[in-house]
Amino acid sequence: MTDGTTHYTRPDVAGFLAFLNAQDGPKMEELPPEAAREMFRVMGQMADVPRGEIAQVEDRTIPGPAGDIPIRIYDNRPTREPGPVMVFYHGGGWVIGDLNTHDPYCAEAARLLDMPVVAVDYRLAPEHPFPAAPEDCEAATRWVADNIPCTGLVLSGESAGGNLTIATALTLRDRPASKPVIAIHPIYPAVTTHNEWQSYRDFGEGHLLTEGSMTWFGDQYAPDPTDYRASPIDFPAEGLPPTLLVTAGLDPLRDQGRAYAAKLIEAGVPTTYREAKGSIHGYINLAQAIPSAQADIRGALTTLKAIVAEASA
């Protein structure tokens, strides 16, 4: 089916959006940050699948540049030899999101990739505006390299976390950690501070992530558009590790993700691009409300596993 223009919308996505857009009450950008965070947590509890069985889940705190950083370590094996480890940065516009909002996805990644996954609970805006988030992500990633037995790092995250994936990879390209970054997997990433994209105009209302919420996130986070961590599309991509970049077909961020994939290819970075046609921003946290998202998640992680295996060979 279509969404009123020429854009294909999956039936389960259309049903979820109809439910979502019929809800009364304030919009996220009309709430104080803590209330918006609670709204995001509740939506995840309703719309995502349960965590499922996994051998190990451990919550820890590690030292950061401005105090301790909470992390959560997932592993589907009770013991393992050193190998690749994924570091995951959650989404939520740098304002909302935490270890719990992305808990089911991280467990699924640990199972399907058969590697430890370390989720990072970086500082959030507006209490901690830019560059607190990328500074915490860099520090946590260096800590993983130094303290978790591993042979290489796989960086991943969605939306704001996709931005933090690319930002951290660029930082570690120029100032390497004690273990190499062997692959990155940004999922519908934000790669610029400007909104001159056709997908903003096509999907900025009624598709979960709205123009109003994006403006609100940006106002809270206050990124510096001249900093590579805020707008990586404006900075050289040469030398980044093999990349699996994923977008969603009905996402305001779709076109900037497509443009960044093209930039990677032009820079000679081994790049795989996938688009979840007919789906929306945020689908990795909506696997119960949008059952077709489960196939997108499996497909991307299966592809990533092959990329990591090739990079590790």
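The values are calculated or read from the model by the stated rules, or taken from the named source; none is laboratory data. Just so it is clear, the structure is predicted and the values come from calculations on it, not from any experiment. Cβ sites come from the backbone with ideal geometry, for glycine too, and all protein chains shown count toward neighbours.
Restricting Gly239, Gly212 to residues that are more than 19 Å from the chain's Cα centre (by Cα) and assigned to a loop (DSSP other than H, G, I, E, B) narrows the list to Gly239.
Checked across segment 242-250, the condition of being crowded, with 19+ Cβ neighbours inside 10 Å, modelled with pLDDT of 95 or more, over 20 Å from Cys106 (Cα atoms) and out of contact with any Asp or Glu (no Cβ under 6 Å at 6 or more places or on another chain) holds for at least one residue. When each of Asp59, Asp114 is tested for being more than 30 Å from Phe130 (Cβ to Cβ), at pLDDT 95 or above and of a type in the set (D, E, K, R), the lone residue that passes is Asp114. The set of residues from segment 26-40 being of a type in the set (A, V, I, L, M, F, W, C), part of a helix (DSSP H, G or I) and without any contact (Cβ under 8 Å) to a residue 60 or more places away in the chain comprises Ala35, Met39.
Conditions (1) over 19 Å from Leu164 (Cα atoms); (2) part of a loop (DSSP other than H, G, I, E, B); (3) touching a His at 6+ places or on another chain (Cβ under 6 Å); (4) of a type in the set (A, V, I, L, M), marked per residue:
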site: Asn195; (1), (2), (3), (4): no, yes, no, no
site: Asp202; (1), (2), (3), (4): yes, no, no, no
site: Gly206; (1), (2), (3), (4): yes, yes, no, no
site: Thr247; (1), (2), (3), (4): no, no, no, no
site: Leu250; (1), (2), (3), (4): yes, yes, yes, yes
site: Tyr260; (1), (2), (3), (4): no, no, no, no
site: Ile265; (1), (2), (3), (4): yes, no, no, yes
site: Ile280; (1), (2), (3), (4): yes, yes, yes, yes
site: Ile284; (1), (2), (3), (4): no, no, no, yes
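Looking across Thr193, Thr141, one residue alone is closer than 26 Å to Glu30 by Cβ and in contact with a Ser or Thr (Cβ under 7 Å, 6 or more places away or on another chain). It is Thr193. Of the residues Ala261, Ala248, the single one that is in contact with a strand residue (DSSP E or B) (Cβ under 8 Å, 6 or more places away or on another chain), hydrophobic (A, V, I, L, M, F, W, C) and more than 18 Å from Gly91 (Cα to Cα) is Ala261.
From the list Ala309, Ala300, the one residue that fits, being modelled with pLDDT of 95 or more and over 18 Å from the mean Cα position of the chain (by Cα), is Ala309.
Among the residues of segment 216-223, not a single one is modelled with pLDDT of 95 or more, under 30 Å from Thr6 (Cα atoms), among the aliphatic types (A, V, I, L, M) and not in a helix (DSSP H, G or I). Taking residues in segment 223-234 that are free of Cβ contacts under 8 Å to residues at least 24 places away in the same chain, and partners anywhere that are assigned to a loop (DSSP other than H, G, I, E, B), not one pair has Cβ atoms closer than 9 Å while being at least 6 places apart or on different chains. Listed conditions (1) in a loop (DSSP other than H, G, I, E, B); (2) surrounded by 13 or more Cβ atoms within 10 Å (Cβ to Cβ); (3) charged (D, E, K, R) are all met by Asp12, apart from (1).
Contact map, segment 263-285: first residue at positive phi, second residue of a type in the set (Gly, Ala, Ser), Cβ cut-off under 6 Å, separation 6 or more or different chains; pairs are Gly278/Gly249.
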